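Working notes for the structure below.
The values are calculated or read from the model by the stated rules, or taken from the named source; none is laboratory data. Quick caveat: nothing in here was measured; it's all calculated off a predicted structure. Cβ placement follows ideal geometry from the backbone for every residue including glycine, while neighbour counts extend to all protein chains displayed. These accessible areas exclude ligands, DNA and RNA; they are computed on the full protein's heavy atoms, side chains included. Shrake-Rupley method; radii C 1.70, N 1.55, O 1.52, S 1.80 Å.
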Amino acid sequence: MAKGPIEVQNIPTEESDLMKITPLGAGQEVGRSCHIIQFKDKKIMLDCGIHPGLSGMDALPFVDMIEADQVDLLLISHFHLDHAGALPWFLQKTTFKGKCFMTHATKAIFFWLLSDYIKVSNISTDQMLYTEADLEAAMDKIQTINFHEEKEVNGIKFWCYNAGHVLGAAMFMIEVAGVKILYTGDFSCEEDRHLMSAEVPTVKPDVLIVESTYGTHIHEKREERENRFTQTVADTVLRGGRCLIPVFALGRAQELLLILDEYWTAHPELHDVPIYYASSLAKKCMAVYQTFVNSMNERIQKQINVNNPFVFKHISNLKGIDHFDDIGPCVILASPGMMQSGLSRELFESWCTDKKNGCIVAGYCVEGTLAKQILAEPEEITAMNGQKLPLKMQVDYISFSAHTDYKQTSGFIRKLKPPHVVLVHGEANEMSRLKAALVREYEADTTHDIQIHNPRNTVSVDLFFRGEKLAKVMGTLAMEKPVEGTRVSGILVKRNFNYHILNPSDLVKYTDLTMSTVTQRQSMFYSGSRDVLKYLLTQLTGNLDTVEGENTEKKQIFRAFGAIDVIIEPKMVTLEWIASPCNDMFADAVLSAVLQAE
């Protein structure tokens with residue numbers, strides 16, 4: 001279980017076996033995903049989102065719990081606002097100096113999505129977290145990564161897998177000192193009309209940080225869900241009503257557009273009923289979708305050779321409410337998906353009083369948003385201007401949310417068999433139910449010991465990993481074949497989490513280090529006999545060598561212990577040697593002999 005602060009005394013942080021995983025957002029809640037991993041003096045931040053149900057500074061994760069300039073690496077799993085919405089603020093308004101990575105598709109869509117978010121946010125300028133200029137400056141600090149490409153930053157290795165969910169969504173595998181952590185972000189193990197399902201990594205993680213959005217719920221079958229959706233839309237327009245489908249500009253919207261376009265094509269009686277995709281981002285992001293077709297499933301890749309599935313026959317783009325003539329039955333997909341503000345909110349308020357009209361909530365709704373509120377079927381709702389409006393329109397919840405259900409999450413965990421699972425991104429009750437179900441599932445399983453953690457915001461999970469330390473022999477030391485039992489002697493060099501044993505002469509070749517030699521010299525007054533001194537030194541060392549070439553009548557040089565030069569001159573003796581613990585000890589012994597002779 002998560003514990004309070006642990007004091008690890010006398011151990012430098014880079015050598016400590018303690019790993020701390022702290023949710024700064026999305027701990028027992030959905031929204032503002034942000035998690036910090038601290039291990040071996042490295043700090044990694046996973047996602048940096050905002051809370052859709054809150055505004056201004058209140059929507060941010062609890063980043064005041066950390067020092068931004070100590071974060072080495074920031075990884076963004078996908079472009080949704082609850083995972084990436086606070087990124088421009090964090091990159092521009094804090095002291096963060098580390099590296100930030102996301103996939104190519106995420107970076108392309110992230111820019112348009114956040115640019116739109118800045119425009120449609122109906123809050124005062126002083127409450128805005130960042131401006132368009134901040135967003136553009138932040139883009140220069142974001143680096144991209146390909147799926148399965150391994151990168152390294154300050155000794156932290158990481159690579160990513162396809163997560164399904166939305167275009168460009170990634171699961172990150174992080175390795176620090178041999179310990180592997182897999183962060184799923186939002187993921188889906190079910191292939192849909194345009195995205196492939198999440199990959200199962202071949203590498204087994206030691207810690208799995210996994211979403212728990214749907215807790216123990218099981219999704220209905222895709223075919224049943226699609227039938228219910230198209231039938232509900234058709235029933236609404238055929239009775240003369242208007243059908244509103246609040247969606248996020250990107251992600252599930254593309255899936256619903258593919259379904260509706262196919263259904264309209266197959267039903268000529270609906271051809272007179274217009275379908276509008278109301279998003280200023282529609283055109284820009286469709287271009288991105290068409291660019292990244294190779295990141296989608298086989299079905300789309302085959303179809304693109306015949307015709308572009310994202311060029312719709314029965315759907316037209318709608319820039320805003322000013323361009324819309326509300327004259328009869330129609331279907332409108334409008335953003336945002338939780339109807340906090342924007343076009344979907346305006347349309348809902350103007351249509352909710354007529355019982356012929358319908359609204360289909362097609363994705364996950366966060367507490368505190370209008371979409372969540374109307375699912376409880378209240379008799380009236382509060383408009384943005386404060387006016388009370390009666391809710392008479394039909395409201396249906398048909399989830400196309402690309403998050404895993406219990407069956408998918410449990411299956412994913414069973415394939416990976418991690419010793420530790422940390423649940424994030426789920427309301428407290430859903431998370432508790434999922435934890436209890438997983439604990440029950442593994443109670444009877446003696447083959448696998450698994451610890452499930454469900455921390456709330458700002459509460460750390462403390463895990464201990466004792467890694468093996470392995471040192472590789474390099475350079476001239478590696479030239480000879482090792483014989484068991486022989487001692488290898490050299491300099492132990494540590495770079496990040498790798499250890500090497502080198503001959504001192506190889507330091508310059510294999511490292512940025514240089515070698516220096518320190519020569520010690522000590523002079524003292526001496527008025528005694530040279531012969532007495534030579535006798536005492538011979539007694540001490542056993543063998544006193546004469547250094548040739550520099551001896552004169554007045555100056556004689558002898559070498560004691562093969563290392564200490566004794567220079568005898570009138571009235572003075574000087575000792576000279578290359579500093580080392582052993583030579584220093586010899587020099588002390590020679591010095592005592594000189595003092596004895598004196």
I need the fraction of alpha carbon pairs in the range 128-201 separated by more than 16 Å, rounded to a whole percent. 60
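Which peptide among 205-212, 451-458, 480-487 comes first, and what is the full order, when sorted by highest mean count of other Cβ atoms within 10 Å? Provide the component values of the computation, followed by the final result.
Details: 205-212: 24.2, 451-458: 18.0, 480-487: 6.5.
Going from most to least packed, we get 205-212, 451-458, 480-487.
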Hey, could you pull the Cα Rg and Dmax for the range 362-412, both in Å? 14.9, 48
Using 5 Å bins from zero, what percent of all Cα-Cα pairs in the range 241-384 falls into each bin? 2, 9, 19, 21, 19, 15, 9, 5, 2, 0, 0
Which log10 I(q)/I(0) values does the range 436-513 give at q = 0.11, 0.15, 0.25 Å⁻¹ under the Debye formula, counting every alpha carbon as one identical point scatterer? -0.58, -0.69, -1.22
Rounded to the angstrom and largest first, Cα extents along the principal axes for the range 135-267 equal 63, 39, 23
Relative to the longest principal Cα axis of the chain, at what angle does helix 428-443 sit, 0 to 90 degrees, rounded to 10? 60
Rounded to 10°, Cα long-axis angle of helix 252-266 versus longest principal axis of the chain: 40
Cβ-based charge dipole, the range 302-374, positive-most Cα from 361, 334, 312: 312
So for the range 362-517, Kirkwood radius off the Cα pairs, Stokes-Einstein at 4 °C and 1.567 mPa s: how many µm² s⁻¹? 58
Show me the ranking of peptides 338-344, 411-417 by mean Cβ neighbours inside 10 Å, starting with the highest. 338-344, 411-417
Spin-label pair residue 223/residue 397, simplified geometry with 7 Å Cα→Cβ offset, distance in nm: 2.6
If you line up the Cα atoms of the range 312-374 on their principal axes, what length do they span on each, largest first, in Å? 35, 26, 20
Where q = 0.11, 0.13, 0.25 Å⁻¹, what log10 of I(q)/I(0) comes from the Debye formula for the range 274-358, counting one point per Cα? -0.40, -0.54, -1.25
Whichever aspartates and glutamates have a C-alpha closer than 19 Å to that of residue 355, once near sequence neighbours (fewer than 8 apart) are set aside: 235, 326, 346, 377, 379, 380, 396
Pairwise over distinct Cα atoms, reciprocal of the mean inverse distance: report the Kirkwood radius of the range 84-172 in Å, one decimal place. 14.3
Can you give the Rg and Dmax of the chain based on its C-alpha atoms, in angstrom? 35.0, 125
In whole percent, how big is the carbon plus sulfur part of the accessible area of the chain, probe 1.4 Å, protein atoms only? 50
Mind scanning 221/319; 534/555; 40/435 and naming the pairs with a C-alpha gap bigger than 22 Å? 221/319; 40/435
With the cut-off at 23 Å, tell me which of the pairs 20/407; 43/93; 356/388; 157/204; 204/481 have Cα atoms farther apart than that. 20/407; 204/481
Shape call, the range 481-557: gyration tensor on alpha carbons, a/c limit 1.5: prolate
Helix 581-597: angle to the longest alpha-carbon principal axis of the chain, degrees 0 to 90, nearest 10? 30
In the chain the DSSP beta bridges are antiparallel at a rate, in percent to nearest 5, of 55
Provide the packing ranking of 107-119, 157-169, i.e. peptides ordered by the mean count of other C-beta atoms within 10 Å per residue, highest first. 157-169, 107-119
